[in-house]
Every structure is written in C-alpha cells, then in structure tokens.
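> Before I ask anything, here is the structure I am working with.
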Amino acid sequence: MPLDYLFIPIIGLLAFFLKGTAGTGTSTVIVALSSLVIPAKETVILAAFVNVFGGLFMWRIDPLPIRKRYWVPISAAMIIGSVLGALMLKVISPQRFLAILGTAFLLTGIWFCRRAGGSVRGEGAPAAAGPGDLSVGLFSGICGGFIGICAPPLVLHFGRYLDKARLRRLLVIIFIPAAVAQTGTFALTGQLTREILLLGLVTLPTIPIGIGLGNRVFLRMSEISFRRTLGGLLIFIALRLIFKSLG
C-alpha cells in the first residue's frame, strides 16, 4: 500500500494532463494504469471520486458557453446510466470483471490508434438535445459507472458536429454530474472504502498541475501521435487483464 500512495498520484498527474488537453480520458488512464497496482474494480471507484474534483476545476478554466437546453438532458441521461453502471459493478465477480475490462480496453485502444484527428469544425452546439444524444448519454453513463470508460461513444457521436473546443466543453460539463452520481452510488453500496478514499485524497493535489499543463498545450499538441501512444498502452494493459482473468 505505501507504494500505491506514490504511484497513484503520478497516474493522476498524467490523467489530468489529458483532461486539460481533451476534456476527457481521465478515467481511462486512471483505470488502466491503476489496475497494475490495485484491484481492477477499485480503479473505477477511484476514478469516479477524483473526477468530481477534476471536473469542477476544469469547469472554471474553460468558460465556453453551451445552451442548458442542450447539455442538461444529456447530463440527466448520463446520471441515470451512471447509477445503473455503478450497481452493475457491485454485483459482478472480480474475475469476470477483469475479462470485461480487458476487452473494453482492447477495443478502446484500437479505437484510439485508428481515430485520426479531432472533431469537425461546426458552427456551435444545437439549441436542444435530440433522442440520439440522450441515448448515447445513457449508454456512456452505464459504461462509465461499470468500467470507467465512457468517452469513446461520446466523442464518436458528438464529434460529428461539434468543433474541438465545444466538444471539450460539453464533455467537461456532463462528466461532473455523472461522476457525482457514480461516487454517491459507490458510497451508498459500500464500494467506496477507506483505502480508496485515501488514495483519492492524495491524488487531488495533482489536479491543478495536470489540468494546467494540459490546457496550455490544448491547441498545440499533436492529437494523432498522442492518441496512438495512449492506444498502444491500452492494448498492452488490455492483454494483461485478459490473460490475468484466464489465470
């Protein structure tokens, strides 16, 4: 456990650097790398807890406005899905969860490697959310509460018509209530243990540093190279988790 208190904050710094750069990816990095040192199910709970504070910090440094009629319904769908996903995490066996998480990381890693570039250059967010937006929000919330990965469906869907800046802002806004819902459900079901809470608290000081650095390189960094590097890392970790689930 003492090494965890050193290793986990370093992972948090990398995760929140990605948060500042793209508005997402925090949970992906935390769950993927933290699973090397703590049980896989605990990494999802840890990611949800620190994401609450990371999202609130990111909210303040990114003031781009988006209509409430657009993001509030999507956020509500994310909350419902997050609660359902967190309840699913409670009942699944650790061994089966390893296999599911490993498969999810494998697909996410391939997605990161194959996806080229950012979103389209749209004129702005729509006036209101449509049924497709709500369906994607619900599904992504379930994924976030269950395996800690909810970004790919959101980026694939909303990236079709939102530019890079508005996409990042939307992700920041809807992730905050989703993370609160996940953390609250984990606490009420007894999954948020004292050890996970302590690991989360020692990770919090990395939030302003990581997000601050990431925000500085938001418009200058090579997104393609970064995504391919992250994708390769996720594929490596995915194979490890799948192999471990078989053992």
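The values are calculated or read from the model by the stated rules, or taken from the named source; none is laboratory data. All of these numbers come straight from a predicted model, not from anything done at the bench. Note that each Cβ is placed from the backbone with ideal geometry, even for glycine, and that neighbours are counted across all protein chains shown.
> Do you know which residues across region 93-103 are exposed (fewer than 15 other Cβ atoms within 10 Å of the Cβ) and either among the aliphatic types (A, V, I, L, M) or not in a helix (DSSP H, G or I) (or both)? Can you show your working first?
Residues of region 93-103 that are exposed (fewer than 15 other Cβ atoms within 10 Å of the Cβ), as a first pass: 93-96.
Result: Ser93, single match.
> Further, regarding this structure: State all residues of region 142-173 that are β-branched (Val, Ile, Thr) and touching a Leu at 6+ places or on another chain (Cβ under 8 Å); if no residue qualifies, say none. Lay out the reasoning, then the answer.
Just the residues of region 142-173 that are β-branched (Val, Ile, Thr), to begin with: 142, 147, 149, 155, 172-173.
Hits for region 142-173 are Ile142, Ile147, Val155.
> Condition first: over 23 Å from Asp133 (Cβ atoms) and free of Cβ contacts under 8 Å to residues at least 12 places away in the same chain. Can you find one or more residues in region 47-64 that meet it?
yes
> What about Gly109, is it touching a Lys or Arg at 6+ places or on another chain (Cβ under 7 Å) and at pLDDT below 85? Please lay out each step first, then the result.
On the way: touching a Lys or Arg at 6+ places or on another chain (Cβ under 7 Å): no; at pLDDT below 85: yes.
The answer is no for Gly109.
> State the number of residues belonging to region 138-157 that are part of a helix (DSSP H, G or I), hydrophobic (A, V, I, L, M, F, W, C) and at pLDDT below 85.
So in region 138-157, the residues part of a helix (DSSP H, G or I) come out as 138-147, 151-157.
Then drop every residue that is not hydrophobic (A, V, I, L, M, F, W, C), which leaves 138-139, 142-143, 146-147, 151, 154-156.
From what's left, at pLDDT below 85: 151, 155-156.
Residues in region 138-157 being part of a helix (DSSP H, G or I), hydrophobic (A, V, I, L, M, F, W, C) and at pLDDT below 85: 3 in total.
> Please determine, by comparing only the residues of region 168-192 that are among the small types (Gly, Ala, Ser) and out of contact with any Gly (no Cβ under 8 Å at 6 or more places or on another chain), which one is farthest from Leu18 (Cα to Cα). Please lay out each step first, then the result.
Keep residues of region 168-192 that are among the small types (Gly, Ala, Ser), which gives 178-179, 181, 184, 187, 190.
If we keep only those that are out of contact with any Gly (no Cβ under 8 Å at 6 or more places or on another chain) as well, we get 184, 187, 190.
Working: Gly184: 25, Ala187: 27, Gly190: 30 Å.
Per the criteria, the residue is Gly190.
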